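Computed from the coordinates by the stated procedures, all read-outs in this text should not be read as laboratory data. Everything numeric in this text was worked out from a predicted model, so none of it was measured. Reconstructed Cβ throughout: ideal geometry from the backbone, glycine too, with neighbour counts over all protein chains shown.
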Amino acid sequence: MAAPACGRLRVLAAFPRTPIQRRNAVKSSLLFAVALVPAFALVQAAQSNATPQADRAASAHSMVKASDTKWGDAPPSLPKGAQAAVLYGDPTKPGPFAIRIKAPPGFKIPRHWHPSDEQVTIISGDFMLSMGDAGSAHEGTFGPGDFISLPSKMQHEGSTKNGVVVQVNSMGPFEINYVDPKDDPRNAAKSTAK
């Protein structure tokens with residue numbers, strides 16, 4: 001049977017009119033839906049197999065008790081005296097990470113910036129932070145439970161009077177760029193090695 005010339009009637013003609021036609025239409029729809037399930041499953045499997053190893057590791061859960069924190073020397077990009085502990089991820093590789101940094105009384109990290117956003121939570125102690133370019137910086141003093149979010153490339157410097165433990169969450173690889181290259185402990189290590 002030819003479809004009626006009128007557009008509205010043509011649409012109506014596409015709908016099943018008899019109980020048998022409706023039942024066949026429902027069966028066809030169900031078969032089509034059932035056929036899509038394996039197709040979606042294959043797409044999901046292909047996507048999960050294509051996920052880089054770092055993404056898979058980052059999706060694993062992590063639980064660290066404060067008493068089980070394994071402290072070691074901080075990376076050479078930080079001034080001597082600080083200790084660090086990796087809680088999650090790998091700061092040397094692309095992907096999310098969480099680290100804790102323990103600094104002794106009187107510790108100071110000179111003005112620097114990072115290429116990625118940085119979230120800092122004060123775990124214990126006191127922390128003074130100067131944020132922004134040196135000429136227009138604003139400062140704050142922070143204590144346990146306080147939180148700071150620093151956008152990428154924002155200059156900042158930090159210090160503690162009585163010692164501090166901070167947690168840093170960011171995206172790797174972790175990189176620190178000192179505003180004044182003379183402040184970079186890696187450069188001091190190079191000059192003493194000569």
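A compact table of results
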| read-out | value |
| --- | --- |
| Extension gain, His138 back to Lys153 (0.36 nm per residue minus Cα-Cα distance, nm) | 3.8 nm |
| q = 0.16, 0.22, 0.23 Å⁻¹, the range 68-193: log10 I(q)/I(0) [Debye, one scatterer per Cα] | -0.77, -1.56, -1.69 |
| Amide H within-cut-off set for Ser124, under 5 Å, with H built and near neighbours excluded | Val165 |
| Glu175 versus Ser67: modelled label distance in nm, points set 7 Å from Cα along the beta carbon direction | 4.1 |
| Interchain or long-range residues, amide H under 5 Å from Gly172's placed H | Gly95, Phe97 |
| Cα lying deepest toward the dipole's positive end in the range 68-193, options Trp71, Leu129, Tyr178, charges on Cβ | Trp71 |
| Of Ala85, Val120, Leu150, farthest towards positive along the dipole that unit charges on Lys, Arg, Asp, Glu beta carbons give the range 68-193 | Ala85 |
